[in-house]
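K.L.:
Shown below is the structure under consideration.
The values are calculated or read from the model by the stated rules, or taken from the named source; none is laboratory data. Just so you know, these numbers come straight off a predicted model, no measurement behind them. Don't worry about glycine lacking a Cβ; one is built from the backbone with ideal geometry, like all the others, and counts go over all protein chains shown.
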Amino acid sequence: MRKSVSCFEIVLYLCNSNLKKKEVMMHNWFECKVRYEKTMENGMVKKVTEPYLVDALSFTEAEARIIEEMTPFISGEFTVSDIKRANYSDLFDQFGGDRYFKCKVQFITIDEKSAKEKKTSTYILVLAENFRESVKNLDEGMKGTLADYTIASVNETAIMDVYPFSAEPDVKPEFPEAGKGDEAK
């Protein structure tokens, strides 16, 4: 018999997954495609388009962040040819690897009114060396979840790298006296 789990518990899990391993944040992922001339292993120069994943608040910020991240690595001109929202609820990248896998996970819940089983799908991006390791890393990342789940699909993606948001510790507030009330006067 399966344990009954409410949709609230699923949302709570998604917001708090891997609490011990990383700081909890809500991410807004954008897939950005960058087009540039790449020197291949045989010395030929070829125009390529590579997808990258960026955590940003808007399309404009996603474009600015991918340009900032790619500038040191690409000599010559490059263009951001496409930006689209990516529907990932979590990222399991703490296990290492060199390829990203898109895993469709279905959480199993019991509808309290009809007493029927309901599956809620979500996508998780997992970093791994190969298919088997991606499933292992997904299971490892899902440890401690309250809800029953099944892995519906695992597909290798073309994503080259992921750039999550990280607050810079050296950034000082623009108005340091703001928020201190009357003490600042």
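K.L.:
Tally up the residues in region 91-123 that are touching a helix residue (DSSP H, G or I) at 6+ places or on another chain (Cβ under 7 Å) and closer than 13 Å to VAL162 by Cα, please.
P.N.:
Total satisfying the criteria: 3.
K.L.:
Continuing with the same structure: Hey, among the residues in region 26-49 that are in contact (Cβ under 8 Å) with a residue 12 or more places away in the chain and of a type in the set (Asp, Glu), which one's nearest to GLU61 (Cα to Cα)?
P.N.:
Top of the filtered list is GLU31.
K.L.:
If only one of SER134, SER114 is assigned to a helix (DSSP H, G or I) and out of contact with any Lys or Arg (no Cβ under 7 Å at 6 or more places or on another chain), which one is it?
P.N.:
After applying the criteria, what remains is SER134.
K.L.:
Going through region 107-145 one residue at a time, which ones are hydrophobic (A, V, I, L, M, F, W, C) and either under 19 Å from the mean Cα position of the chain (by Cα) or surrounded by fewer than 13 Cβ atoms within 10 Å (Cβ to Cβ) (or both)?
P.N.:
The answer is PHE107, ALA115, ILE124, LEU125, VAL126, LEU127, ALA128, PHE131, VAL135, LEU138, MET142.
K.L.:
Which of the following residues is modelled with pLDDT of 90 or more and within 19 Å of THR145 (Cα to Cα): CYS15, CYS7, CYS32, CYS103?
P.N.:
Answer to the check: CYS103.
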